[in-house]
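K.L.:
Before I ask anything, here is the structure I am working with.
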Amino acid sequence: MYREATKKIRIGDVTIGGGSPIAIQSMTNTKTEDVEATAAQIEALESAGCEIIRLAVPTMEAARAIAKIKEKIHIPLVADIHFDYRLAIAAIENGADKIRINPGNIGDVGRVQAVVDKAKEYGVPIRVGVNSGSLEKPLVERYGGVTAEGLVESAMDKVHMIESLGYDNLVVSIKSSDVMMCVKAHERIARECPYPLHVGITEAGTLLAGNIKSSIGLGLILNQGIGDTIRVSLTGDPVEEIRSAKLILKTLGLRKGGIEVVSCPTCGRTKIDLIGLANQVEQMVEDIPLNIKVAVMGCAVNGPGEAKEADIGIAGGIGEGLLIRKGEVVKKVREDQLLETLRQELLNWDE
């Protein structure tokens, strides 16, 4: 069930599924009970491009805090619930736009029914989540360990349970820290599940390892037409998750907008601080609303040729550098003027 054909689901004012744009999610790492800190982090994530935010609801105080947090933010809020069905009900009553549960750890069918009834009353979608670390023991035994087949069976069992209780306003996620198992599981569930899929590599790791694992896993899944929302899970500042997710989508051609910066890897010909310059350029262009490619090259020998595919670029020399448009040298400026020269060109960009 590729993304064009999945069921359309509305989360607050964001629609996912049915060919809607892939939405970028993240999760707060503040104490949800701390309204000010949580709202401040969500505002930073919004500014970075986060479109749906999830937060943990481990206590009744956290569930009640949702109402106050919602007053301060502008994107849909998802409440992450484990074990206590009463927290799911309270989260919905306090304004959660979606809830994430694993019906297997909520309790008996009566408790799941109570959550479903409340979600139906408020029109709130339920995200059914299954992680490789929480796969049920009978499935682990049946498949001889944690497998893609077991993950899919577990997820679909929970989907069918919610459906049997009279609700189909659903989103599904199956996550594993094993990248290739996660890919295989998504390939299988896309053939069975009509609901939008939230995709991510769970427990991916720190900034470097997490980005590599997520890029490979999400790239393989998304490029097959699978996945309606994504999260890049990183051990670090959640804002980095948004930056990575945007770049993954842009690299796959699944999202347009924003300046793409390309830069050479440096070599013995480099006479300027190219690494520092490239990082400055990348930071500088974050808030410039252009859909173009900018090249940052290390030398004037190959710079113009390598920058031909870029709309505009700069290339360093000895104490000076070149401003380049479509591979043609426009002018030469001092090295300390390169960044500002590029900035002014972008601010006054005219197609």
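The values are calculated or read from the model by the stated rules, or taken from the named source; none is laboratory data. This is a predicted model, so every value here is computed, not measured. Backbone-built Cβ (ideal geometry, glycine too); neighbour counts: all protein chains shown. Calculation scope for accessible area: heavy atoms of the full protein, side chains included, ligands and nucleic acids excluded. Shrake-Rupley method; radii C 1.70, N 1.55, O 1.52, S 1.80 Å.
K.L.:
Quick check on my filter: what residues within segment 25-77 are open to solvent by less than 50 Å² (accessible area, probe 1.4 Å), more than 12 Å from I242 (Cβ to Cβ) and among the small types (G, A, S)?
P.N.:
Answer for segment 25-77, where residues must be open to solvent by less than 50 Å² (accessible area, probe 1.4 Å), more than 12 Å from I242 (Cβ to Cβ) and among the small types (G, A, S): A37, A39, A56, A62, A63, A65, A67.
K.L.:
Out of the helices (runs of 4 or more DSSP H) lying entirely within segment 143-244, which hold 1 or more residues that are touching a Ser or Thr at 6+ places or on another chain (Cβ under 6 Å)?
P.N.:
Once the helices (runs of 4 or more DSSP H) in segment 143-244 are filtered for at least 1 residues that are touching a Ser or Thr at 6+ places or on another chain (Cβ under 6 Å), what remains is 179-189, 207-222.
K.L.:
Now, a different point. Has segment 309-327 got any residue that is in contact with a Pro (Cβ under 6 Å, 6 or more places away or on another chain) and either on the phi > 0 side of the Ramachandran plot or open to solvent by 10 Å² or more (accessible area, probe 1.4 Å) (or both)? Quick ask: steps written out before the conclusion?
P.N.:
Let us first name the residues in segment 309-327 that are in contact with a Pro (Cβ under 6 Å, 6 or more places away or on another chain), namely 324, 327.
Among the residues that remain, those that are also either on the phi > 0 side of the Ramachandran plot or open to solvent by 10 Å² or more (accessible area, probe 1.4 Å) (or both) are: 327.
So far as segment 309-327 goes, yes, one or more of its residues are in contact with a Pro (Cβ under 6 Å, 6 or more places away or on another chain) and either on the phi > 0 side of the Ramachandran plot or open to solvent by 10 Å² or more (accessible area, probe 1.4 Å) (or both).
K.L.:
Quick one: is A245 within 17 Å of H198 (Cα to Cα) and in contact with a strand residue (DSSP E or B) (Cβ under 6 Å, 6 or more places away or on another chain)?
P.N.:
Here the answer is yes, as A245 does meet what is asked.
K.L.:
Take the residues in segment 237-266 that are over 14 Å from the mean Cα position of the chain (by Cα) and open to solvent by less than 40 Å² (accessible area, probe 1.4 Å), then tell me which one is nearest to V294 (Cα to Cα).
P.N.:
V261
K.L.:
Considering only segment 1-44, give the strands (runs of 3 or more DSSP E) lying wholly within it that have at least 3 residues that are in contact with a Leu (Cβ under 9 Å, 6 or more places away or on another chain).
P.N.:
23-27
K.L.:
Somewhere in segment 204-213, is a residue closer than 22 Å to N105 by Cα and either modelled with pLDDT of 95 or more or open to solvent by 10 Å² or more (accessible area, probe 1.4 Å) (or both)?
P.N.:
Within segment 204-213, none of the residues are closer than 22 Å to N105 by Cα and either modelled with pLDDT of 95 or more or open to solvent by 10 Å² or more (accessible area, probe 1.4 Å) (or both).
K.L.:
Please list, ordered by first then second residue, the pairs with beta carbon atoms under 9 Å, 6 or more apart or interchain, first in segment 26-49 and in contact (Cβ under 8 Å) with a residue 60 or more places away in the chain and polar (S, T, N, Q), second open to solvent by 10 Å² or more (accessible area, probe 1.4 Å) and assigned to a helix (DSSP H, G or I).
P.N.:
S26/A48; S26/V239; T28/A37; T28/Q41; N29/Q41; Q41/V239
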